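Right, one structure below, let's go through it.
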Amino acid sequence: MPAPLWPGSAVTSRPERAWFWLLLLGCLLPGLQVRAESLLGARWQSSAQLERLAERQIRYVAPGVVLLGGDQGNTETLAALGLPVLFSDQAPDGEAYYLADHLDLPLAPQVTLVYTDPAGWALLRLPLSRVAATLDHHHFLWPLPESYSLQGRRGPAAKPAALQALTINHLISAVDPQRLRGHVENLALLDPAQGSGDRANWRTRYARRPETYASTQYIRDQLGASLGEGAVFVEPFRVSVDDSTMYNVVGNLYGTDPEAGYYLVCAHYDAIGARSRGGWDWRVDPAPGADDNASGVALVLEAARVLAGQSFPWSIRFVTFSGEELGLWGSRAYATQAVERDERILGVLNFDMIGFNDRSQRLELVTNPASRWLVEQMRQSNRRYGIGLKVDVLEDEFAGLSDHAPFWARGYDAILGIENYLPTDPETYGVRNGDYRINTQYHSVLDLPDSLNYDLVTRVTQLAVATLGQYGLEEGLPNLAVFTGDLRGDAGDDLQVRISNLGLGRVVDPFEVRVWRCGADSSDCVKVYEQEQVEPLAPGDALDLKIPWDRYGEMVFLVEADAGNQVVEQDEEDNRAYQRVRLVPQRAIVVFPNPFRPEKDSYLSFSGLPFDAQVRISTLQGELVWEADESRQKDQHGRAIAHEVLWDGANSAVGIPRVVGSGVYIYTITDAQGRILRREKIAVVH
């Protein structure tokens, strides 16, 4: 859970960790003498090299980096293995080494920066007498271990031989219901052994309470135990509404191909009690949040543990977000940063409230059109491995009440797994169908561990494990697939199409991708793009193709994957999909069609507009006919339209709007400051 600002403070705080180290160091400093030590940092590439180094004393291992004592034997071993030395450092008496991450603040005095890694962590050397002052500078500090176990932390290497014989069913059976329940209880209760009977034992995970940092640390420790300390990071982000700092926890399971991108398995870990009977004061009242959303966090932690020993062609990140209940703050920060870093996210599996339902073992998958392929992955896994969930699908691109939404907004594919979307709405499908009863504990202090259906939590966790784990354990045929929503018009001014491999085998043969433009009734299709793909496509991976395009408006396309049937697949029914797309220019203002025929054309489109632009249409004599703001335009379904305004040809400057007559008119486009961006003529023809 995030460590927000103390009330009235102007400086961010990481209170519990700081207090812990200060207390510990206060106890140790009086009689502690630190001997002089030296350290080597080297670059490693294979697990075989690490195993050779394990014969020496390893101090720390991170992706591609190993730290060892600086004695002559280690130097000779590195030379024999041909490993390049990154640094060599000698600590004087009284100084020690510490690991730190996110050094976004100036270093405290007398702190030596020994090594900075591109992954975001760093090695510091400082006197013990300066540790407290360094903590005052709000840095995380972890003493460099005397020894570091390689168990559970390997780089991009082949699967261990003992795991190659495993099947996905063995992996599914490794999901432990007691561990899941233990995570929920540890996140919801101060002392799980005392149970839920005493209100004084109920935790708060409200993101603005400093006590919630214990949950942040718990999640970090659990991910570290599964993935290795060097693979887990606590990432701060600022919350502008109250200028506080909150924290996401990110654990990495590194794949064999660093360029292949990653899947994201995530859940939010903050909680709220605003719907509690009799009122709720966040400053003093608990917010245990067992179902919402310790259940989802438990899934993330258990999935990380079960999948940690596997090797995948791409990476998996296990992430818990803070600030969801306050406005999706954590996922918004993460998704924004992912765009800035141009990260390749293959798909986001977000889980939120998966344990309250006692009517059926039901999971609702919420998706937008572009993410349907993720839904199909999960539905197939549920059937293929007999997990036994009743899976319902809600396709609603405006379902924005969880951490999948910021990824949708930034063009990433994501789904939400939830027991029932809108848990208190009696009109939802699950309630009307008798598969779900309204959650009376939602957002209240009574959202406690004893009320959860742990069989449901277990099955949903098994589904997450199976969906991704199958690509590391099982073999089979590839399955090239394209779904409605995989063709997008947001790649600059080009089209972008995604082709997925949902099968268990690697695509090694060349295959053709074809795109056709069709009539409004999906007939009379004309081929506009054809390309043979020769690069292999790993199981579970996706291929994104940009297609040059310079026409705008609403169009129908047909996309075909493996159009020539060159690849032997497990399923060829999902190799083609029709899609209606409205294309809006991104780099320039485009006005079309011109001339405009109201009886034939639905709208005259002013597209590619900047935010808050205004469009005015007038006669040649300067009489106003129509005007509209970019920020206020809506389509026929009442949904906002970005970067575009549409004119239906009506004169709205008169009492009763009527279609204007044939003739030449002037349109003027201005920006938010009133500066003229374009003024030209349009023709209206009846």
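Filter segment 499-554 down to the residues that are over 30 Å from GLU644 (Cβ atoms) and among the small types (Gly, Ala, Ser) and list them by number.
Residues satisfying the conditions are GLY503, GLY505, ALA538, GLY540.
Which of the residues belonging to segment 110-129 are hydrophobic (A, V, I, L, M, F, W, C) and not in a loop (DSSP other than H, G, I, E, B)? Quick ask: steps written out before the conclusion?
Of all residues in segment 110-129, those hydrophobic (A, V, I, L, M, F, W, C) come to 111, 113-114, 119, 121-124, 126, 128.
The answer is LEU113, VAL114, TRP121, ALA122, LEU123, LEU124, LEU126, LEU128.
When residues of segment 650-669 are filtered for being closer than 13 Å to ILE617 by Cβ and assigned to a strand (DSSP E or B), how many remain?
Qualifying residue count, segment 650-669: 10.
Within segment 476-520, which residues are assigned to a strand (DSSP E or B) and among the aromatic types (Phe, Trp, Tyr)?
If we filter segment 476-520 for residues that are assigned to a strand (DSSP E or B), which is where we start, we get 480-481, 487-491, 494-501, 507, 511-518.
Within segment 476-520, PHE511, TRP516 meet the criteria.
Can you find even one residue in segment 366-384 that is in contact with a Ser or Thr (Cβ under 9 Å, 6 or more places away or on another chain), touching a residue at least 12 places away in the same chain (Cβ under 8 Å) and of a type in the set (Lys, Arg)?
Yes: segment 366-384 contains one or more residues that are in contact with a Ser or Thr (Cβ under 9 Å, 6 or more places away or on another chain), touching a residue at least 12 places away in the same chain (Cβ under 8 Å) and of a type in the set (Lys, Arg).
Every residue in segment 655-670 that is at pLDDT below 90 and either touching a strand residue (DSSP E or B) at 6+ places or on another chain (Cβ under 9 Å) or crowded, with 16+ Cβ neighbours inside 10 Å (or both), please.
If we filter segment 655-670 for residues that are at pLDDT below 90, which is where we start, we get 655-659.
Across segment 655-670, the qualifying residues are PRO657, ARG658, VAL659.
Mind listing whichever residues of segment 46-87 are surrounded by fewer than 16 Cβ atoms within 10 Å (Cβ to Cβ), among the aliphatic types (A, V, I, L, M) and within 21 Å of TRP121 (Cα to Cα)?
VAL85
When you look at ARG362, is it touching a residue at least 60 places away in the same chain (Cβ under 8 Å) and crowded, with 18+ Cβ neighbours inside 10 Å, yes or no? Show your work before the answer.
Values: touching a residue at least 60 places away in the same chain (Cβ under 8 Å): yes; crowded, with 18+ Cβ neighbours inside 10 Å: yes.
Yes, satisfied.
Scan segment 273-295 and tell me whether some residue there is touching a His at 6+ places or on another chain (Cβ under 8 Å), of a type in the set (A, V, I, L, M) and surrounded by fewer than 21 Cβ atoms within 10 Å (Cβ to Cβ).
The answer is yes, given that some residue of segment 273-295 is touching a His at 6+ places or on another chain (Cβ under 8 Å), of a type in the set (A, V, I, L, M) and surrounded by fewer than 21 Cβ atoms within 10 Å (Cβ to Cβ).
With respect to the numbered conditions (1) touching a strand residue (DSSP E or B) at 6+ places or on another chain (Cβ under 8 Å); (2) not in a loop (DSSP other than H, G, I, E, B), which one is the sole condition not fulfilled by TYR206?
Of everything listed in (1) touching a strand residue (DSSP E or B) at 6+ places or on another chain (Cβ under 8 Å); (2) not in a loop (DSSP other than H, G, I, E, B), TYR206 misses just condition (2).
Exactly one of (1) in contact with a Leu (Cβ under 7 Å, 6 or more places away or on another chain); (2) among the small types (Gly, Ala, Ser); (3) at pLDDT 95 or above is unmet by ALA200. Its number?
(1)
Name every residue in segment 324-381 that is part of a helix (DSSP H, G or I), outside the structural domain of ASN453 (by TED's automatic domain parsing) and either of a type in the set (Gly, Ala, Ser) or under 11 Å from the mean Cα position of the chain (by Cα) (or both), in order of residue number.
We begin by selecting, within segment 324-381, every residue part of a helix (DSSP H, G or I); these are 324-326, 329-340, 369-381.
Filter once more, keeping what is outside the structural domain of ASN453 (by TED's automatic domain parsing): 369-381.
Hits for segment 324-381 are ALA370, SER371, SER381.
Pull up segment 593-613, narrow it to residues that are at pLDDT 85 or above and among the polar types (S, T, N, Q), then point me to the one that is farthest from ASP671 (Cα to Cα).
Checked segment 593-613; the qualifying residue farthest from ASP671 (Cα to Cα) is ASN594.
Within segment 3-14, identify whether any single residue is under 22 Å from LEU99 (Cβ atoms), touching a helix residue (DSSP H, G or I) at 6+ places or on another chain (Cβ under 6 Å), at pLDDT below 50 and not in a helix (DSSP H, G or I), and answer yes or no.
Of segment 3-14, the ones under 22 Å from LEU99 (Cβ atoms) are 3, 12-14.
Next, only the ones that are touching a helix residue (DSSP H, G or I) at 6+ places or on another chain (Cβ under 6 Å) stay: 3.
With at pLDDT below 50 added as a condition, the list becomes 3.
Within this subset, residues satisfying the condition of being not in a helix (DSSP H, G or I) are 3.
Yes, that holds for at least one residue.
The values are calculated or read from the model by the stated rules, or taken from the named source; none is laboratory data. These figures come from a predicted structure and were not determined experimentally. Positions of Cβ are backbone-derived with ideal geometry, glycine not excepted, and every protein chain shown enters the neighbour counts.
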